[in-house]
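**Student:** This is the structure I want to talk about, given as structure tokens.
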Amino acid sequence: MRLTPTAAALLQTISKEHRSLVLLLDDTSCCSNSNVMLRESKPSWRVSLLAEIDGLRIFVNPVLERSLKAEQITIDAIDFADDSLSHETDYGKRLTMSAEPNPTQRPSKDDVTGRAGQ
């Protein structure tokens, strides 16, 4: 789990106004087709703590967590204006998530040969 310098700077700015921020990675994309939501508090539904970076707790929907288990997740911020309920949109930004294979996870023999699930 990592934040780009752009995302880290944005989150630091926003946290000065909102002290109890949490980042939620959810399995839906209701808000401008992004599954990243910056909120004031942990949601009331079931989520798992994925990471904590510089005091920012990052939660993930358990369904999505299974999909991302072996992934390196990167949160970035882009210029984007919309009316989402996520806090970064008040700053003309949108948080995005990308996932890549985790370099610390070694592929299984089936992954290498392409026979997994056959």
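**Student:** Select from the range 17-41 the residues that are closer than 16 Å to SER98 by Cα, touching a Leu at 6+ places or on another chain (Cβ under 7 Å) and outside any strand (DSSP E or B) and write down the one among them that is modelled with the lowest pLDDT.
**Tutor:** Looking at residues that are closer than 16 Å to SER98 by Cα, touching a Leu at 6+ places or on another chain (Cβ under 7 Å) and outside any strand (DSSP E or B), I get ASP27.
**Student:** ILE14 - would you say it is surrounded by 12 or more Cβ atoms within 10 Å (Cβ to Cβ), modelled with pLDDT of 80 or more and outside any helix (DSSP H, G or I)? Full working, then the answer.
**Tutor:** Numbers: surrounded by 12 or more Cβ atoms within 10 Å (Cβ to Cβ): yes; modelled with pLDDT of 80 or more: yes; outside any helix (DSSP H, G or I): no.
So ILE14 does not fit the description; no.
**Student:** Residue pairs, Cβ under 9 Å, 6 or more apart or interchain, first in the range 50-61 and within 13 Å of MET37 (Cβ to Cβ), second of a type in the set (Phe, Trp, Tyr) and not in a strand (DSSP E or B). List them.
**Tutor:** ASN61/TRP45
**Student:** Can you pull out every residue in the range 75-101 that is modelled with pLDDT under 80 and either basic (Lys, Arg) or closer than 14 Å to LEU23 by Cα (or both)?
**Tutor:** LEU85, SER86, HIS87, THR89
**Student:** Can you tell which of SER44, SER67 is modelled with pLDDT under 85, surrounded by fewer than 15 Cβ atoms within 10 Å (Cβ to Cβ) and out of contact with any His (no Cβ under 6 Å at 6 or more places or on another chain)? Before the answer, list the steps.
**Tutor:** On the way: SER44 fails: modelled with pLDDT under 85.
Result: SER67 is the single residue among SER44, SER67 that is modelled with pLDDT under 85, surrounded by fewer than 15 Cβ atoms within 10 Å (Cβ to Cβ) and out of contact with any His (no Cβ under 6 Å at 6 or more places or on another chain).
The values are calculated or read from the model by the stated rules, or taken from the named source; none is laboratory data. Keep in mind the model is a prediction, meaning the values are calculated, not measured. Cβ sites come from the backbone with ideal geometry, for glycine too, and all protein chains shown count toward neighbours.
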